[in-house]
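Written below as structure tokens is the structure these notes are about.
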Amino acid sequence: MTTTADSSSAPHAFATITWPEADGPQSARWRSEAGVPPPKRVVLADDRTTADAAYRLACEGTALLWRGDFQNARQLLQAMTRRLERKPPKRASSPLDAFNLHRQAQSQRARTLGMLLIPLDADYTIPLRRAPNVQDACTEAYGAPGGDASVVSLRELLGLIGAHEWRKKGVEIPALGERIHPHYGVFSPVRGEYIDLVARTPLPSLELAFDIGTGTGVLSAVLAKRGVSKVVATDQDARALACARENLERLGYASRVEVVEADLFAPGRAPLIVCNPPWLPARPASPIEHAIYDHESRMLLGFLNGLAEHLEPNGEGWLILSDFAEHLGLRTRDDLLSAIDRAKLVVAGREDIRPRHPKATDPSDPLHAARAAEVTSLWRLKAR
């Protein structure tokens, strides 16, 4: 059965999804942190629905609102995933082609697997048999319950549950000897190479540092641990600001690190300014991808072009950047060096480190050649 979805109009201040019931169409609030619009065609599904039927409907763009056992829905999603993975990947003609095909496949995967939907009561209870308690996870992602029943993709819901567990247990940061607890929607510091670079590079000053785009606050914490008297950490994302403040409070650095809402730079100058922008100049497909993809190199160029006027005399700007984009053909080394030169900066030195993450040694990864060659660098920049 075909249904319609109202994504914006009054009286709703949020997107709604509509589906068929025996006594007529029903509607509820649609939730998607990735900004995916509500599916236009929805059918009811339960424990009798086969994986082949579910996969076929999902590929056609028809969503399935689950009414059966919750654990059976998880098994169905796994079965749909296996069917999706049977499709042989397209052969790439170049590293850039491999990247584009990889993103295309990721998008198709998210779209297809996002078609299995789960209802949520107004208090974030799942009204299904054997359903877990997801109230804390939903509250962390969506905010306090707002009195509206809603519908969410099972794939997103499982992501919320996973993020809640990450937030509870945290990520071990050897350079700190402590854990960082990422919030939902804030990029987790699971790759430690860039943290190690900041932890080992000689500091130009212990007086003051700016941490641009702080995220979880991990680099601010490393700088504070190394003895920097004051750190000003900036971000423009509300979740990141709350996450950084919580982590720095927990670690005992709140009195030395000021977390400020700002687009890139805080007012004033500092002898050290650190920035770890997203490494790939491509368009993000969802809000969470802003930590990975820097469309048209906005943050990278914004940092470089504003650095000289915020550095104290003889101060250093530390740009932490992987050359992964260079190996993919998304940016050249000359592009980066030219941008540094146009910003009236000079390179005073560079620290390099090789990746340690599992994908760097996984030949089955479609981007393996670029990952294996990747080097992450801390560029020490000074005003000309």
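The values are calculated or read from the model by the stated rules, or taken from the named source; none is laboratory data. In this text the structure is predicted, and so the values were computed from the model without any measurement. Note: ideal-geometry Cβ built from the backbone for every residue, glycine included; neighbour counts use all protein chains shown.
Structure notes:
- Filtered by the rule that a residue be within 25 Å of Gly146 (Cα to Cα), buried (at least 18 other Cβ atoms within 10 Å of the Cβ) and not hydrophobic (A, V, I, L, M, F, W, C), the stretch 34-70 gives Pro38, Pro39.
- Under the condition of being on the phi > 0 side of the Ramachandran plot and either out of contact with any Pro (no Cβ under 8 Å at 6 or more places or on another chain) or not assigned by TED's automatic domain parsing to the domain that holds Phe303 (or both), the residues counted in the stretch 322-348 number 1.
- Residue list for the stretch 138-155, filter: surrounded by 20 or more Cβ atoms within 10 Å (Cβ to Cβ) and in contact (Cβ under 8 Å) with a residue 40 or more places away in the chain: Ala141, Ser150, Val151, Val152, Ser153, Leu154, Arg155
- When Asp334 is tested against (1) over 25 Å from His102 (Cα atoms); (2) touching a helix residue (DSSP H, G or I) at 6+ places or on another chain (Cβ under 7 Å); (3) of a type outside the set (A, V, I, L, M, F, W, C), only condition (2) is not met.
- Cβ-Cβ contacts under 8 Å between residues 6 or more apart (or on different chains), taken from a first residue in the stretch 360-382 that is over 30 Å from Glu316 (Cβ atoms) and modelled with pLDDT of 85 or more to a second residue that is of a type in the set (S, T, N, Q) and surrounded by fewer than 19 Cβ atoms within 10 Å (Cβ to Cβ), are listed as Ala372/Thr361.
- Residue satisfying condition, being among the polar types (S, T, N, Q), part of a loop (DSSP other than H, G, I, E, B) and closer than 25 Å to Thr18 by Cβ, within set Thr112, Thr49: Thr49
- Those strands (runs of 3 or more DSSP E) of the stretch 141-224 in which 3 or more residues are of a type outside the set (Val, Ile, Thr) and more than 28 Å from Ser286 (Cα to Cα) are absent.
- Boolean, Ala244 is in contact with a strand residue (DSSP E or B) (Cβ under 9 Å, 6 or more places away or on another chain) and crowded, with 22+ Cβ neighbours inside 10 Å: yes
- Residue count, the stretch 350-384 (criterion: assigned to a loop (DSSP other than H, G, I, E, B), under 17 Å from Thr201 (Cβ atoms) and among the acidic types (Asp, Glu)): 0
- Condition met for Glu309 (more than 20 Å from the chain's Cα centre (by Cα) and crowded, with 17+ Cβ neighbours inside 10 Å): no
- Whichever residue in the stretch 334-349 is in a helix (DSSP H, G or I) and of a type outside the set (Val, Ile, Thr) and, among such residues, is farthest from Gly302 (Cα to Cα): Asp334
Yes or no, residue by residue, for (1) aliphatic (A, V, I, L, M); (2) over 17 Å from the mean Cα position of the chain (by Cα):
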position: Ala105; (1), (2): yes, yes
position: Gln108; (1), (2): no, yes
position: Met115; (1), (2): yes, yes
position: Ala131; (1), (2): yes, yes
position: Thr139; (1), (2): no, yes
position: Pro182; (1), (2): no, no
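- Among the candidates Asp97, Asp123, residue that is in a helix (DSSP H, G or I) and loosely packed, with under 15 Cβ neighbours inside 10 Å: Asp97
- Taken together, Ser297, Ser286 contain a single residue that is in contact (Cβ under 8 Å) with a residue 60 or more places away in the chain and hydroxyl-bearing (Ser, Thr, Tyr), which is Ser286.
- Residue check for Val228: part of a loop (DSSP other than H, G, I, E, B), under 16 Å from the mean Cα position of the chain (by Cα) and of a type in the set (A, V, I, L, M, F, W, C): no
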